[in-house]
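The values are calculated or read from the model by the stated rules, or taken from the named source; none is laboratory data. Quantities reported herein were computed from a predicted structural model and do not represent experimental measurements. Note that we place each Cβ from the backbone using ideal geometry, even for glycine, and neighbour counts take in every protein chain shown.
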Amino acid sequence: MSQGSDPQTRPARKVFIKTYGCQMNVYDSQRMGDALGAEGYEATERVEEADLVLLNTCHIREKAAEKIYSELGRIRVLKTEREAAGLGSLRVGITGCVAQAEGAEIIARAPVVDLVIGPQTYHRLPDALRRVDGGERVVDTDYAVDSKFDHLPKSTDRQIRSRGVSAFLTVQEGCDKFCTFCVVPYTRGAEVSRARAAILKEARELAEAGVREVTLLGQNVNAWGPDEGGLASLLHDLAAIPGLARLRYTTSHPLDMDEALIRTHGELRQLMPYLHLPVQSGSDRILKAMNRRHTAADYLAILDRIRAVRPDIALSGDFIVGFPGESDEDFEATLRLVREVSYAAAYTFKYSPRPGTPGATMDGHVPEDVKTERLDRLQALIREQQVAFQESFVGRRCEVLIEKVGRHPGQMIGRSPFLLPVVVPASAGAVGDIVEVSISETRPNSLMAAGAEPPAMPATVSMAASSPPLARKIA
Ligand code: 5AD
Ligand code: SF4
């Protein structure tokens, strides 16, 4: 099989990947980067020094394509400058969901683009690049029947380690739910699950490289493996892998929270007590128009069952305000549901009509200023809940997985089981350790462990001067 030019004998080419959108895109970008590594490309964070630029795009809300075209405008300037300076040509690729949805149009509208690859065919990226080198402009947006992941070269230990002790692992893609606001079923296609054996193999490789926490990803991750025993059985297998101390999964649809999965929340100590379970609206009328196929009461009943087996579970959700036909009363029902659940975090969006989805042509579009006002009220309520959730940890013990060194000397940053970043003193442990600390205070989006408070002096004082007070606080 052709491997392209020998990475040993030519200076490494550099690839800059910009990722938009969800965690699945983050994972895809990592895998594409790793695959290009095997082709002799090195990742760079600086677009100016790149030989290849990939924009891994998201199509979920409006203006996605416009954002890409304006980014392409900037890249075109870079490309011209680079070529004028005799530094060779710059290759430009569009990947992800905008590529899938608008591939042919992008190639026609943006001459700077050399290749367009949809989310299902990343394993053909090296080959597509060779065709680009041969002077072609490539569009490849098929829905490949074979899984791209099983055809991408495996990531090396060094690549895995460079990304830290917490890793993403995509286990499922696509969606059959067809919520009437959502483009995902059209851009990512039907629900497809990766095989259990391939997932376990990848998880073992991650653990062997030092990963302690794995977040399973899928557009409907809890619909994983209908013929393989479902997500609960996969989680049980993953929990048996030595070294993997923490498991998470995201994102889920309420309809697929089956009994076995709910029970697993009470059975596996590795499964972290944090669940992202989008509901979108608290109004049954709107839920029906959204084709969510459950009511607000169904959703609350699921949460009750999960809380019965895991009382400390923290919840997060997604909400859309201003779906067509949403009245003040419907919106009030959403606020009521939020009050009833009490979220640790939530993502809130104004409805954005997506061409080709049923919602876009429904009657009763809500004026922008009403959407804005509802979004503000919803966000204020959720923020209150988030602050209360964070403050509930002050004075309590908390297990933290240490992920990286902190911004200030003497600090490390980790995560609580509930996904909150926690600043811990460096003396607490090393990256990859799970340590128990006591929480002394909250910061806007993090918790502070006792002994980790930065020195109470201006940042300009020398480190030597600032260490004694810090040391005293630890003591
Ligand atoms: N408008 C606004 N928000 C949307 N989402 C998906 N489609 C739209 C849309 N057309 C939100 C949903 C989903 C999250 C990933 O993005 O809340 O759960
Ligand atoms: Fe979109 Fe609904 Fe599928 Fe989620 S469940 S990806 S919101 S269609």
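Of the residues in region 195-209, none is away from ligand 2 (no atom under 15 Å from the Cβ) and within 17 Å of the chain's Cα centre (by Cα). Among the residues making up region 327-382, a single one is of a type in the set (Gly, Ala, Ser), assigned to a helix (DSSP H, G or I) and touching a residue at least 60 places away in the same chain (Cβ under 8 Å): 359. Every test in (1) within 20 Å of the chain's Cα centre (by Cα); (2) on the phi < 0 side of the Ramachandran plot; (3) away from ligand 1 (no atom under 16 Å from the Cβ); (4) modelled with pLDDT under 95 is passed by residue 164 save one, and that test is (2).
Scanning region 221-265 for residues that are surrounded by fewer than 17 Cβ atoms within 10 Å (Cβ to Cβ) and within 16 Å of ligand 1 (Cβ to nearest atom) yields a single hit, 255.
Number of residues in region 44-57 that are of a type outside the set (Val, Ile, Thr), closer than 12 Å to residue 18 by Cα and not in a strand (DSSP E or B): the value is 3. Hey, any hits in region 224-244 for a residue that's hydrophobic (A, V, I, L, M, F, W, C), within 10 Å of ligand 2 (Cβ to nearest atom) and more than 18 Å from residue 97 (Cα to Cα)? The answer is no, given that none of the residues of region 224-244 is hydrophobic (A, V, I, L, M, F, W, C), within 10 Å of ligand 2 (Cβ to nearest atom) and more than 18 Å from residue 97 (Cα to Cα). Quick one: would you say residue 61 is loosely packed, with under 14 Cβ neighbours inside 10 Å and either in contact (Cβ under 8 Å) with a residue 12 or more places away in the chain or hydroxyl-bearing (Ser, Thr, Tyr) (or both)? Answer is no for this residue. Within region 170-208, the set of residues being closer than 19 Å to residue 95 by Cα and small (Gly, Ala, Ser) comprises 174, 189, 190. Taken over region 167-188, the criterion of being of a type in the set (S, T, N, Q), under 18 Å from residue 148 (Cα atoms) and within 12 Å of ligand 1 (Cβ to nearest atom) is satisfied by 187 alone. Candidates in region 58-89 are the residues that are outside any helix (DSSP H, G or I) and either of a type in the set (Gly, Ala, Ser) or modelled with pLDDT of 95 or more (or both); of these, the one that is farthest from residue 130 (Cα to Cα) is 85. Residues that are in contact (Cβ under 8 Å) with a residue 40 or more places away in the chain and surrounded by 20 or more Cβ atoms within 10 Å (Cβ to Cβ): does region 128-135 have at least one? Scanning region 128-135, I find at least one residue that is in contact (Cβ under 8 Å) with a residue 40 or more places away in the chain and surrounded by 20 or more Cβ atoms within 10 Å (Cβ to Cβ), so the answer is yes. Would you check if residue 293 is at negative phi and among the basic types (Lys, Arg)? Spelling it out, it is not the case that residue 293 is at negative phi and among the basic types (Lys, Arg). Filtering region 269-300 to residues that are more than 12 Å from residue 255 (Cβ to Cβ), assigned to a loop (DSSP other than H, G, I, E, B), of a type outside the set (Lys, Arg) and away from ligand 2 (no atom under 13 Å from the Cβ) leaves 270, 272, 273, 282, 283.
Applying a threshold of 7 Å to beta carbon distances and a minimum spacing of six or more residues, or different chains, the list of pairs starting in region 203-230 at a residue that is over 16 Å from residue 270 (Cα atoms) and among the β-branched types (Val, Ile, Thr) and ending at one that is at pLDDT 95 or above and part of a strand (DSSP E or B) reads 221/249; 221/250.
Quick grid of which residues meet (1) crowded, with 18+ Cβ neighbours inside 10 Å; (2) over 30 Å from residue 324 (Cα atoms); (3) at pLDDT 95 or above:
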| residue | (1), (2), (3) |
| --- | --- |
| 372 | no, no, yes |
| 387 | no, yes, yes |
| 407 | no, yes, no |
| 422 | yes, yes, yes |
| 425 | yes, yes, yes |
| 431 | no, yes, yes |
| 439 | yes, yes, yes |
| 445 | no, yes, no |
| 450 | no, yes, no |
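Hey, does region 189-212 have a residue that's over 30 Å from residue 432 (Cα atoms) and within 15 Å of ligand 1 (Cβ to nearest atom)? Looking for residues that are over 30 Å from residue 432 (Cα atoms) and within 15 Å of ligand 1 (Cβ to nearest atom), one finds none in region 189-212, hence no.
The set of residues in region 14-43 being hydrophobic (A, V, I, L, M, F, W, C) and assigned to a loop (DSSP other than H, G, I, E, B) consists of 22, 38. Determine, yes or no, whether residue 252 is within 16 Å of ligand 2 (Cβ to nearest atom) and at pLDDT 95 or above. Spelling it out, residue 252 is indeed within 16 Å of ligand 2 (Cβ to nearest atom) and at pLDDT 95 or above. Can you find a residue in region 309-325 that is part of a loop (DSSP other than H, G, I, E, B), within 16 Å of ligand 2 (Cβ to nearest atom), outside the structural domain of residue 58 (by TED's automatic domain parsing) and under 22 Å from the mean Cα position of the chain (by Cα)? Scanning region 309-325, I find no residue that is part of a loop (DSSP other than H, G, I, E, B), within 16 Å of ligand 2 (Cβ to nearest atom), outside the structural domain of residue 58 (by TED's automatic domain parsing) and under 22 Å from the mean Cα position of the chain (by Cα), so the answer is no.
Based on this model, can you work out whether residue 306 counts as surrounded by 16 or more Cβ atoms within 10 Å (Cβ to Cβ), in contact with a helix residue (DSSP H, G or I) (Cβ under 7 Å, 6 or more places away or on another chain) and aliphatic (A, V, I, L, M)? The answer is yes for residue 306.
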